[in-house]
Amino acid sequence: MKKPLLSVLTLMMLVVLLAACGGNNNKPAEATNAPATDAANANNEGSAESEISGTVTFLTNRTDMIDTEYVEYAKRFKEKYPNAEVKFEAVTDLDKTTKIRIASGEFPDVVLIPTIPNSELPQYFAPLDDIGLNDRIYFKDYKGHDGKVYGISAGASTTGIVYNKKAFADAGITEIPTTLDAFYAAAEKLKAKGIVPLASNFKDQWTLYPWASEVATSIAGNANLNNERKDTDAPFAMDNAYGQAMTIIRTMYEKGYLEPDVNSTNWEQSKKDIASGKFAMYMLGNWVIPQVADSGTTSDNVGFFPLPYDNSGKTNVALAPDWAYGVNKNSKNLATAKAFVKWMVEDSGFDDFAGFIPVLKDKEPNVPQLSEFNSFNPTYIEAVADDAAATDIVNKAQITKEAMVQEFVLSKDPRSILDKYNENWAKARKSVAK
């Protein structure tokens, strides 16, 4: 395995996290560059803002915010730009739906960019280099092409074990597990107490993403793990990072540490069950922490620690951007759409609400659980942009990583599942190479 290297950017983020967790700076530094629509009026804020007008629509995956927070967002955006209005449309299957919409040529003014090759971004999206955020954000190049920024992340997150502290205490767990054996032992104590150790939301599928990506990347200590699949016909093996990661969730299933019936799970209910202590843990990103706290408990009852995927006592963790805001290059109100993206990043407070590490370098995170997480001294591996060749193979092979996890966990012969996916991968790789 490659030895992980922390980039300067990641080191900077760790300093912010360790020094300032729990704080909140709602007044980030002023942008160094005015938006293109403001350029001619850089010294006349009122005049510049008057140019922001018309209605734009934002396509989002946060169905839970449509009748609540987004109503307030629309009101606040209009307060800043009286001649403008924003509407919100929410879908559950965001990636698939957005791909279909952009392929048709008819899609909203602002969307969360789906999983398409970065080389295709200029076909659909407008560059965002002119809104004054390039020098102030993390992951600037994650959704970029030919030196231009086409997407700005809504926030950053790391993945680990979100847990109910009282459930741990009730089960007699006095120390947070730092080895895989200790993790299984803690799960056994929870099960013996009548507490479901880990909420997998197996049926919902999407919640299984860490086991095929973040955990595998952490085990390998390699941010390019997914991209390097393009160089082989058989990227999946029982004894490599992918097989090892999925074996952990399979073991949890075999030992009865997941929901009693994994085929009838419910995402919204699971948050209430974690909050109440009926379930003890999630394996998800820090973004879920405020959702658990808002589902029937207090924030100080929710903890967060790195998943110990082996017995070394040391852990790597993935540091990844969330969905990125993109602006339809054919928007009838392009300046307003860009202004909305800038407003979401700087003024909305969505990163705090969603439990994200802010994408703005000059804003402190507002998730106190990150202090606990960082006390275990994990090594952060900063995500890199998807390689276009690897993405092409994934799309050609029609591989859904969460579905692979489901099949791996439930199969009597998990090796045969990896063989099947390797066969599909090899065929797709050969087809793409032609």
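The values are calculated or read from the model by the stated rules, or taken from the named source; none is laboratory data. Since this is a predicted model, take the numbers as computed values, not measurements. When the accessible area is computed, the model is the full protein with side chains, heavy atoms only, and any ligands, DNA or RNA have been set aside. Shrake-Rupley method; radii C 1.70, N 1.55, O 1.52, S 1.80 Å.
For region 73-189, calculate the relative contact order in percent as a whole number, restricting contacts to Cα pairs under 8 Å that are 6 or more residues apart.
Answer for region 73-189 is 13 percent.
Compute the acute angle (0 to 90°) between the alpha-carbon long axis of helix 414-433 and the principal axis of greatest extent of the alpha-carbon atoms of the chain; round to the nearest 10°.
40 degrees
Quick check: from the Cα gyration tensor, does region 78-164 come out rounded (a/c under 1.5), prolate or oblate?
rounded
On the protein heavy atoms, probe 1.4 angstrom, tell me the percent of accessible surface of the chain carried by carbon and sulfur.
48 percent
In whole Hz and in residue order, list the ³J(HN,Hα) couplings for region 213-230 that follow from phi through the Karplus curve 6.51 cos²θ - 1.76 cosθ + 1.60, θ = phi - 60°; x for Gly and Pro.
9, 4, 5, 4, 4, 5, 4, 6, x, 9, 5, 8, 3, 5, 5, 6, 4, 5
Run the reach check for Lys166 against lysines, Cα to Cα strictly under 29 Å, same-chain hits fewer than 8 apart removed. What comes back?
Leaving aside lysines fewer than 8 places away in the same chain, those within reach of Lys166 are Lys189, Lys191, Lys193, Lys203, Lys255, Lys271, Lys272, Lys278, Lys314.
Here are labelled values, (1) 65, 55, 40; (2) 77, 55, 44; (3) 64, 55, 43, and one is the computed Cα extents along the principal axes in Å for what I pasted. Which one?
Computed from the coordinates, Cα extents along the principal axes in Å corresponds to (1).
Over region 67-148, give the accessible area per residue in Å² for a 1.4 Å probe, as an integer.
Solvent-accessible surface per residue comes out at 48 Å².
Using modelled amide H (1.01 Å from N, peptide plane; none on Pro or chain starts), what sits under 5 Å from the amide H of Lys329, excluding residues fewer than 5 places away?
Amide H to amide H, under 5 Å and 5 or more residues apart or across chains, Lys329 pairs with Phe125, Ala126.
Where does helix 94-104 land angle-wise versus the long Cα axis of the chain, in degrees 0 to 90, nearest 10?
40 degrees
Apply the Karplus parameterisation 6.51 cos²θ - 1.76 cosθ + 1.60, with θ equal to phi minus 60°, to every residue of region 284-289 and state each ³J(HN,Hα) to the nearest whole Hz, in sequence, with x for glycine and proline.
Per residue, the Karplus-derived 3J(HN,Hα) values read 8, x, 4, 4, 7, 4 Hz.
Can you give me the angle between helix 388-397 and the longest principal axis of the chain, using Cα atoms only, in degrees from 0 to 90, rounded to the nearest 10?
The answer is roughly 60 degrees.
Please compute the alpha carbon radius of gyration of region 115-201, then divide it by the globular-protein estimate 2.2 N^0.38 Å. Two decimals is fine.
This ratio for region 115-201 stands at 1.81.
Which whole-number value in Å² is the accessible area per residue of region 278-434, probe 1.4 Å?
39 Å²
Restricting to the chain, what percent of DSSP beta bridges are antiparallel, rounded to 5?
The antiparallel proportion sits near 60 percent.
What percent do you get for the relative contact order of region 283-434 when only Cα pairs under 8 Å and 6+ apart count?
Reported as a whole number, the value is 24 percent.
Mind checking which of Gly296, Gly54, Gly105 has the largest fluctuation in a GNM of the chain, springs on alpha carbons under 10 Å?
Checking each option, the largest mean-square fluctuation is seen for Gly105.
Give me the distance between the Cα centres of region 391-434 and region 190-255, rounded to whole Å.
Rounded to whole Å, the Cα centres lie 15 Å apart.
Using the Karplus curve 6.51 cos²θ - 1.76 cosθ + 1.60 with θ = phi - 60°, work out ³J(HN,Hα) for each residue of region 191-202 in order, rounded to whole Hz, and write x for Gly and Pro.
So the Karplus estimates, Gly and Pro as x, are 4, 5, 7, x, 9, 5, x, 9, 7, 8, 6, 4 Hz.
Past 18 Å, Cα to Cα: identify those pairs from Lys140/Lys363; Lys87/Lys338; Lys396/Lys427; Lys96/Lys332, in the order given.
As for pairs spanning more than 18 Å Cα to Cα, those are Lys96/Lys332.
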